[in-house]
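Rule-based calculations on the coordinates, nothing more; no lab input. Just so it is clear, the structure is predicted and the values come from calculations on it, not from any experiment. All Cβ positions, glycine included, derive from the backbone under ideal geometry; neighbour counts span all protein chains shown.
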Amino acid sequence: MRCDIISIFPEYLEPLNLSLPGQAQRKGLLEVAVHDLRDFAHDRHRTVDDTPYGGGAGMVMKPQPWWEALEHVRGLGEGTPTLIVPGPGGEVLTQKVARELADEPWMIFACGRYEGIDERVYEAAAEVMPVRVISLGDYVLNGGEVAVLAMIEAAARLLPGFMGNAESLVEESHEDGLLEYPVYTKPASWREREVPPVLLSGDHAKVAAWRHEQRLERTAARRPDLLHASAVLAGIDIVPQA
Ligand code: ADE
């Protein structure tokens, strides 16, 4: 998976060189290149923004540097990349979206700042490559960089060979629409709090049943919306949400 990231703050993306994403890069599973948008602005101040037509607060990112940057990066690889633009106005990043991103051989991430990128850049880009606007959630960040870190981490960890233990991918929250069960390690007793006895029983069937129950309880308490969605998927008739 190749990821080209365009940003006015290239240093923001440095965590991709650490930990598992860093290892994945060294193993050749993940290729990351970060490009400074200002390299494509040609005035003395390397200007990338201007005031919005129609008035209003803040600044808008100019189309010219963005287009030059996108054309430059598009010329660096083979085939057609998918352009991912992080933004609060996009589809929400879910595990399903992460799986779709993990299937993409090549993505260009365009990190906007200020009030966003001139709309014509999206229109021009959509004529030459698929474009997806993806949001981290229903809140506003200062720019797309933090969202891109999350998107690449969520996708790259699904690549075969990324995780040391592929089984841990199967059992985690959101893989099948439920949250994960609580986990415990040694000691069995800590500050007078005991590990649930079933986990010490050695009875694998009982442990599995207990864990499933815990997942349902936890999902009902914390994310009833997920429980409803997975019941619908499974064709189970449950009481409609209020
Ligand atoms: N940029 C600003 N807010 C964002 C969000 N919620 N998700 C993705 N990118 C953003």
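Against the longest principal axis of the chain, how steep is helix 204-222, in degrees 0 to 90 to the nearest 10, with axes from Cα atoms? Roughly 50 degrees, rounded to the nearest 10. Please work out the Cα center distance from region 214-232 to region 101-120, rounded to the nearest Å. With region 214-232 and region 101-120 each reduced to a Cα centre, they are spaced 32 Å.
For region 58-81, the residues whose amide N sits under 20 Å from a probe point set 7 Å from the Cα of A124 along the beta carbon direction are 59-77, 80-81. Considering only L158, A188, A234, and ranking their Cα positions along the charge dipole of region 114-242 that arises from unit charges at the beta-carbon of Lys, Arg, Asp and Glu, the one farthest toward the positive end is A188. Distances between placed amide hydrogens fall under 5 Å for H174 paired with L179, E180, all partners being 5 or more residues away or on another chain.
Computed from backbone phi with θ = phi - 60° and the Karplus coefficients 6.51, -1.76 and 1.60, the 3J(HN,Hα) list for region 77-83 is x, 9, x, 10, x, 9, 8 Hz; x is used for glycine and proline.
In summary, no lysines lie within cross-link reach of K27, defined as a Cα separation below 22 angstrom excluding same-chain residues under 8 places away.
Taking all Cα pairs closer than 8 Å and separated by 6 or more residues, the relative contact order of region 4-124 comes to 30 percent. Backbone N atoms of region 73-100 closer than 13 Å to the 7 Å Cα→Cβ label point of L233 belong to residues 94-100. Between N17, I108, P88, the Cα set farthest toward the positive side of the dipole of the chain (charges on each charged residue's Cβ, about the Cα centre) is that of N17. Between V183 and E71, the FRET efficiency from the beta-carbon distance, with R0 = 41 Å, is close to 0.30. Each stretch of four or more DSSP H residues adds -39500 (n - 2.57); spread over every residue of the chain, this sum gives -10000 deg cm²/dmol at 222 nm.
Rounded to the nearest 20, the Cβ-based charge dipole of the chain about its Cα centre (Lys and Arg +1, Asp and Glu -1) stands at 660 debye. On a 0 to 90° scale, report how tilted helix 145-156 is relative to the longest principal axis of the chain, with both axes built from alpha carbons and the result rounded to the nearest 10. It works out to around 50 degrees. Overall shape: oblate for region 52-117, with the ratio a/c of the largest to smallest alpha carbon gyration tensor axis at 1.5 or above and b/c at least equal to a/b. Going by the alpha-carbon gyration tensor, a ≥ b ≥ c the square roots of its eigenvalues, is the chain rounded (a/c under 1.5) or, if a/c is not under 1.5, prolate (a/b greater than b/c) versus oblate? Cα axes put the chain in the prolate bin. With only the Cα atoms considered, region 1-90 has a convex hull volume of 141 Å³ per residue. Quick check on region 116-242: take the gyration tensor over C-alpha atoms, sort the square-rooted eigenvalues as a ≥ b ≥ c, and tell me if it's rounded (a/c under 1.5), prolate or oblate. Prolate is the answer for region 116-242, as a/c is 1.5 or above and a/b outweighs b/c. The phi-based Karplus calculation (6.51 cos²θ - 1.76 cosθ + 1.60; θ = phi - 60°) puts the 3J(HN,Hα) values of region 11-20 at 5, 4, 8, 4, x, 5, 8, 9, 6, 5 Hz, whole numbers, x for Gly and Pro.
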